[in-house]
Every structure is written in structure tokens, then in C-alpha cells.
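What follows is a short report on a single structure.
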Amino acid sequence: MTETATGSRQVTVPAMGLVVLVGVSGSGKSTFARAHFKPTEIVSSDFCRGLVADDENDQSATPDAFDVLHYIVGTRLRRGLLTVVDATNVQQASRAALVKLAKSHDVLVDAIVLDVPESLAIERNAQRSDRNFGSHVIARQQRDLKRSLGRLKKEGFRRVHVLRGTDQIDGAEIVRERPWNDRTDIRGPFDIIGDVHGCASELCSLLTELGWTLEYDDGRAVGATHPEGRRAVFVGDLVDRGPDTPGVLRLVMGMVAAGTALCVSGNHEAKLVRALKGAKVTVSHGLAESLEQLGNESEDFQKAALSFMDGLISHYVLDDGKLVVAHAGLKESYHGRSSGRVRAFALYGDTTGETDDYGLPVRYPWAQEYRGQAMVVYGHTPVPKAEWINNTICLDTGVVFGGELTALRYPEREIVSVPAEQEWYEPVRPLVPTSADREPSVLQISDVAGTRWLETTHAGKVKIPEESAAAALEIMSRFAVDPRWLVYLPPTMSPVATAKLDGYLEHPEQAFEEYAGWGVTRVVCEEKHMGSRAVAVITADTDAAERRFGVADGSTGVIYTRTGRPFFADISELVDRLRVAAAPLFESLDTDWLALDCELLPWSAKALDLVKAQYASVGAAARHVLPEAITVLEQAASRGLDVGGLIDRSQQRLANAEAFRDAYAAYVAPTDGLDGVTLAPFQILAAEGRALALTEPHEWHLAELAKLDGSLITPTRHRFVDLSSADEREAATQWWLDLTASGGEGMVVKPAHLTEGRIQPGIKVRGREYLRIIYGPDYTDSLDVLGERHLGKKRQLAQREHGLGLAALTAFVDHEPLWKVHQSVFAVLALESEPVDPRL
């Protein structure tokens, strides 16, 4: 905060970021906000309280109001909009939540404190008829504020501006400061130059080749200009390893000072700065050469070089956002952002935390995932030749290792290189070529083999261990359907938390409580069909199959299991019947292909052998042996032996065995080929141009699926529940009891509205009798032990698989290469081999 010649105080805030107003009620925060910011930029706690309670002063609505406030603020920050929070914020916890929110979106956050006399605040509140709290509230807020003032600067704010009294508040002038990396006003043309690494002679040769005129002082290059007014942009790593780090710095520093060049920091500059400041660093990777060479320079030059390198920023956004330059590259969500993790990515890339056979960090191949509109130019990882990957290009062609020094002429997209004069430094590992583009439909084992990391929007970064990938590869390569149809695999699903009601392991009330705790207000309870999970991918005709899936064998779709296997040897008849039933969907969604999530019924149609071997044998044995045991025990009792307890226990076990038999028998129905087979679709995964599983709520899906008709289709019964209504929760619980009492498996509870954050996409609540199939006939005798089951790993797995499934659908809808789609599909299958209790 600075004072101007007119006496006003300039308050500098980030043009893209968060401003937190801090002050007691009556300090004038709302008036200040309205005077200096646009109405749409201000998010007021009072306004949010009014939204959720129809009363801005209803303090009981404060928790809900701040949930809304944080959602709005987070959405605006994600979209890169300046946001001002108008709330008291006098308590550290309130500020911490907002600082955390800003950091999660990689934006700067400033605090503006309005510090007025307590008496003035009390007077102002007394004049407002809508404020009915007493002066003691102001006094308490004032104490909280005074306690906070000394530590505000340590809470994560970039700047804390304190305006004391009405004169300073009224005289304040807000100045919006754009991020240092925002140079969108500079439009080029540019010559972007890769990692130089102390190779001053080669740098001079490259600049000359590019048409620059070098400027010399006492025989040393100290600057350069271009007759066409071009500007150079250096991607960092000017220093280390090469023969003349000071020469490179002197030339680039001169160009930057003259305005003919820009430069971002590389990881080698960052380490050299720490070393020059006296920090303890490992002297390796050419740092010793730089320290020795700089030691031979004057003290003034050393100070100037340190100041220059220390002031380099992580990346630049140029040419109206069309060009981004960062040393190690930058994924799209980080463009123009400011945070420690953005800088770390820009300097070091996205590492997996592992090292390769040469002891160097394994880097996540972010460029292969990049789909942004801005061109990203970077260096960092040396390659034999600069090549384009998804609108990104690496210009580090290893000049210090005997390769070339490379530049990109922008916007011409012309590559210019000069060879190294010699190998100045022996590389730790050979230069590795970049991954070349290939035909979208070509799959390679390297896409899925080995340990891999996948970046997803809805599950974050997911690790696929090598051993899990090997198990999935066995299934996928031997048993799966044609991979061109395999655009999605469904995730596993977590059960509900252990029931609190006696006699139950699972109960709907815990699902309702969990979702309410996650901020979900309305859920849908869907009948959980006891069948086999099925994914149906169908087209309106053979032309659509060839156009969209590249399948020209006359087939029009496939129906496969949750592991990607075909349900039957010949699926064409079932596909044709489903295409006829789905005709209304093709028309209403204006699409010529559909992907549906379904259950194939009955369970015995696919699992009859399992029923006979695993369940029927247990039921038959128990029902044969236990009556005989009871007979023997009754005879013993008649002779005076005290076996009454054993008789009661055996009779109970027989009743349990009968219940067990009835439970699995409910899911066995006669079928003859496809006669008797039905499908129960419950979600439309995708259609042309739309990943509907991501964009539409379940209410929409169920309404659309109600249009399907015919004997093939089994409808999914369901009901919606307002979680704030005890009556609706009770009615849904009774519906579940009736459903399971009549032989149903249970229900799946899902958010009825679209949600953000990592909320479970669905929770299954299985019936008391059905669980005998899962845990055994006598499981009800061990509910105290089973109640200790741990759901953490299962729920993490469900969220990761769900996120990967959405990534696969989105990639396919966006016409990404098939190998890209399959990386996510394959990952779902690989994660299924993780050691998680299969009964959950």
C-alpha cells in the first residue's frame, strides 16, 4: 500500500485472484466493496445467507451460507475472475478456509483490513433496523480483529493492507495488478530459444543465424537487436555444464535489460541462486562449473547475475494467451496462475516421485495429455530433435551434450538449429526422442504396460502399478471385445457405512446421513438389480459403426461385462433387439450411437455355473446335514442329555440355510438362449458429442430411459428423497424394506443433482437376506465382527475408477485417439486387481 501525491492510499490487489475484506460488523466493508469493485465481483456472506434462508440476518443459516459462498468463490477463481469476499473474517479459521481455497486454484490472495473505532461500528449498527445483535457482538469481533492483526501476514496472504479510520478508508484507491506472468500484450514475433547451458559461442551463432545483430563490449557479447523488431524468449537453463556460463548470462541480461528479450527461470538457475546465497546444495549436474566460472568474474557482475536469476519468474503467457513459455512446460490449468506448485511444475515438470535406471526423476508425460489452445514451448528434458506433440514443443536438443541449440520462430513455427562445437558435458543418459504422433486407432503395449500415472479431472493423479497392469493385460488381450467398441468400463461401488440399527449390517439411514454430510441435498434411490453389470455400446446402423467406431464388419454394437468380455459368443441378436428398443433415444438425443450402463438379467443367465458350484452346493449340504443333526440331538435329549442349546443353535442354522437358499434362488430364472434375458439400463453414459454421465443428473437419465419399451427392457424402479425431510427418508427406507422382503437385492443411493468434489458417485445398500449370499448363511450371528469392516480402500478405489471411467468417456466423445481412451479403460481393469475385500 502506497501513498499518492494527492494523499490517497493506493491499495494494490491482484487482477486475477482473491481479495478478503476483514473488519467488524459496521466497519463499512460492503460500502467499501461497492465503491471499488463491480457488483459481480463481490460475494457477500449476508447475500449468501439470504439465498439459503430468505433472511440475511438469520445466523442459524451461517454454515449453509458459507458453503454457498465458498462454492461461488471457488467457481470464480477457477474461471480466473477477481473475487472479493465481503464478510467479517475476523477469526483465523474463516480466513484460513479462504486462503486454502485461493491456493487450491493457484491464485494470489490479499487481505484488506478496515479498522474503525469500536464506538463507530456500534453506532452504525444501531442505525440499522435489520441488525438486532447487541454491542457485545461488536466488542467480541473487535477483540478477534486485534488479536489477528499481528499474525495476518503469516497466514498466506500475499499482501495485507490495513486501513485505519474513516479517512484512510474513504481515501483508498484500488489498483489492480496483473500477474507478472501475464504479458499477453506482447504479441511478438518471437524467437524462442532452448536450453543454452553455458554454451555462449553456440548462442551467438544461433542468434546470428536468426538474423540478430550482436552488440559487443571489450570483445564480449552484451546485447543483440533484430532488424525486424523480433523479441527473443529464453526457456531457462542458461547456466551450468557448459564452458561459459558468465558469457551467456552477460548476453541474455543485456538483452532483457534492453527490452529485446524475455527469460523464464530454469531449475538450474534456481539451484545456482540458492548456492550463491549460501544455501547448502548438492554440487552436481554442472553446478561446479558455474560456481568456478562466476568466481572468476567481478563482484559487481556476480551480484548483477544473482539479482537477475533471482528475479526470473516461472512462465510467461504471451500473444493474447496464444503462447505459453515455461522451462519444463505447463499444463493448461496452470497457465497464468501463481502458486508454489505452478512454479514447481514450470521448473521441474510433473514427476512421479520415482527414478529411472540412471537415477534421474521419472517425469509424467504431460505433453501427451495436453489439449489446450495455447501453444506451450519448453525445454528441460533433452531430446535429439524438436518435435511437436499436441501443440507443445520441447526445444532442449542437448547442445551441451554435443547436440544442437534450437530456436522456434513464432508465429511462423519454423525450427532453426546450430550444432554444438563439441560435447562439453557427458550426458548421464542418452538423449531420448519424444513420442511421435501415430494413427489414432493404433494401440501399443507401451500405452498400458509398466507402472504408469494417469491425470484425471475427477480422480486426480492415479497410479497404475506394474503388477496390476500385467494382470489386466492378460484379460484384455485374451478375452475382451473388439477394442474399438471398448470405450468404458464401470467402476466398483462402495457399500454404505455399517448400520446403527440392531440386526442390520447395512441400512439406508447411513447412506442418507453420509450424503447429507457431504452437502448433497437430494438423492435418488434406484432399485439394485441382481444381475450382471453390462455396458451396451450400440449404433443406429452400420454406417454409424464405421464412421464413429471404425468397425466395418457389419456389426452395430456390443454388450460386454464389467471386465470387457462379451456376454455370449454371438451377441448380435441381443444388440439388434436393444437397438430397436432404444430407437426413441436415438431420436430424442439426435445421435446415431449410444453407450448405456445396464444390468443383464437374470443373474443365472451368466452366473448359473457359479450358482451351482458356490451357492447351491452350500445350501444343499446344509439342508441335508442339519435336519439329521437335529434328529440325533433330539434323540440325545430324550435320553436326558443336556443338548438343548445345541438343538436351538442347529435349528437356527437350518433356518439360516433355508433363508440362504431362498436368497440365491430368487435370482435364478429359466432362460433358453436369449429367451428370458432382459436388460435394465439405469444410465446413458454417452451419445454423439455428449458425455452424458458427466453432464446430466440422474433424474434426467431415468426420464430418458423411461422412453425405452419392449420385452427386452426391465425398468429400474426408483424414488427421490429430499434429505431434509424425515418423512421422505422414512418412506424410502420402507420402500427398501419392501423391495428386499420380496427378493430384491437392495438399492443404490446416488446424488440426484450434479455435484463437485470427490463425493461417492453411488452407495449400495443391500438387503438383510441378500447379504447371506455375500457373508454366509449365519452372518447375522457375527454382526458385531462384520461391523468393523473397513471401507476406506474400497471407497478410494470406487472414486478412482469412477474418475477414470469419466475420463475415458470424455476422451472418446472429444474424438481423442483410441489409445488415449484405452489408457483410462485399461486402468479401471488394472485397479480391479488391488487387494480389497471382495465382499464389500
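The values are calculated or read from the model by the stated rules, or taken from the named source; none is laboratory data. Given the structure is predicted, the values throughout are model-derived calculations rather than measurements. Here the Cβ is made from the backbone with ideal geometry for all residues, glycine too, and neighbour counts use every protein chain on show. Keep in mind that these areas ignore ligands, DNA and RNA; they rest on the heavy atoms of the full protein, side chains included. Shrake-Rupley method; radii C 1.70, N 1.55, O 1.52, S 1.80 Å.
Can you pull out the residues in the stretch 457-486 that are in contact with a strand residue (DSSP E or B) (Cβ under 6 Å, 6 or more places away or on another chain) and open to solvent by less than 60 Å² (accessible area, probe 1.4 Å)?
462, 464, 481, 485
Looking at 134, 165, 188, which one is open to solvent by less than 40 Å² (accessible area, probe 1.4 Å) and under 27 Å from residue 41 (Cβ atoms)?
Only one candidate qualifies: 165.
Those residues that are farther than 28 Å from residue 738 by Cα, open to solvent by less than 40 Å² (accessible area, probe 1.4 Å) and of a type in the set (Val, Ile, Thr), I need them from the stretch 512-562; list them, please.
535, 537, 538, 539, 551, 556, 558, 559, 561
Please go through the stretch 194-236 and give me each residue that is of a type in the set (D, E, K, R) and touching a residue at least 40 places away in the same chain (Cβ under 8 Å), ordered by number.
The answer is 195, 202, 209, 230, 231.
Checking residue 202 against (1) acidic (Asp, Glu); (2) touching a strand residue (DSSP E or B) at 6+ places or on another chain (Cβ under 9 Å); (3) surrounded by fewer than 19 Cβ atoms within 10 Å (Cβ to Cβ), which single condition isn't satisfied?
The number of the failed condition is (3).
Could you list, ordered by first residue, the pairs with Cβ atoms under 6 Å in which the first is in the stretch 634-656 and in contact (Cβ under 8 Å) with a residue 12 or more places away in the chain and surrounded by 11 or more Cβ atoms within 10 Å (Cβ to Cβ) and the second is assigned to a loop (DSSP other than H, G, I, E, B) and not charged (D, E, K, R), at least 6 apart or interchain?
Correct list of pairs: 656/777.
Report the residue count in the stretch 54-77 for those that are assigned to a helix (DSSP H, G or I) and either within 16 Å of residue 97 (Cα to Cα) or of a type in the set (Asp, Glu) (or both).
Residues that pass the stated criteria total 16.
Of all the strands (runs of 3 or more DSSP E) wholly in the stretch 496-569, which have at least 3 residues that are more than 24 Å from residue 802 (Cβ to Cβ) and modelled with pLDDT under 95?
By residue number, no strands (runs of 3 or more DSSP E) qualify.
Name the residues in the stretch 153-201 that are charged (D, E, K, R) and within 30 Å of residue 395 (Cα to Cα), would you?
178, 182, 183, 185, 187, 191, 195
List the residue pairs whose Cβ atoms are under 9 Å apart, where the first residue sits in the stretch 110-128 and is open to solvent by 80 Å² or more (accessible area, probe 1.4 Å), the second is in a helix (DSSP H, G or I), and the two are 6 or more positions apart or on different chains.
126/135
Out of the residues in the stretch 1-24 that are modelled with pLDDT under 90 and either open to solvent by less than 10 Å² (accessible area, probe 1.4 Å) or of a type in the set (A, V, I, L, M, F, W, C) (or both), which is nearest to residue 96 (Cα to Cα)?
By that ranking, first place goes to 1.
If I filter the stretch 208-239 down to residues being aliphatic (A, V, I, L, M) and under 17 Å from residue 325 (Cβ atoms), which single residue comes out as surrounded by the fewest Cβ atoms within 10 Å (Cβ to Cβ)?
210
Taking residue 114, is it in contact with a helix residue (DSSP H, G or I) (Cβ under 7 Å, 6 or more places away or on another chain) and in a helix (DSSP H, G or I)?
no
For the stretch 280-291, state whether one or more residues are modelled with pLDDT of 95 or more, more than 34 Å from the chain's Cα centre (by Cα) and assigned to a helix (DSSP H, G or I).
No, that holds for no residue.
In the stretch 619-634, is there at least one residue being among the basic types (Lys, Arg) and under 30 Å from residue 711 (Cα atoms)?
no
Within the group 629, 666, 605, which residue is open to solvent by less than 70 Å² (accessible area, probe 1.4 Å), more than 42 Å from the chain's Cα centre (by Cα) and among the aliphatic types (A, V, I, L, M)?
Of the residues listed, the single one that is open to solvent by less than 70 Å² (accessible area, probe 1.4 Å), more than 42 Å from the chain's Cα centre (by Cα) and among the aliphatic types (A, V, I, L, M) is 629.
Out of the helices (runs of 4 or more DSSP H) lying entirely within the stretch 576-638, which hold 1 or more residues that are at pLDDT 85 or above and of a type outside the set (A, V, I, L, M, F, W, C)?
Correct list: 583-588, 617-638.
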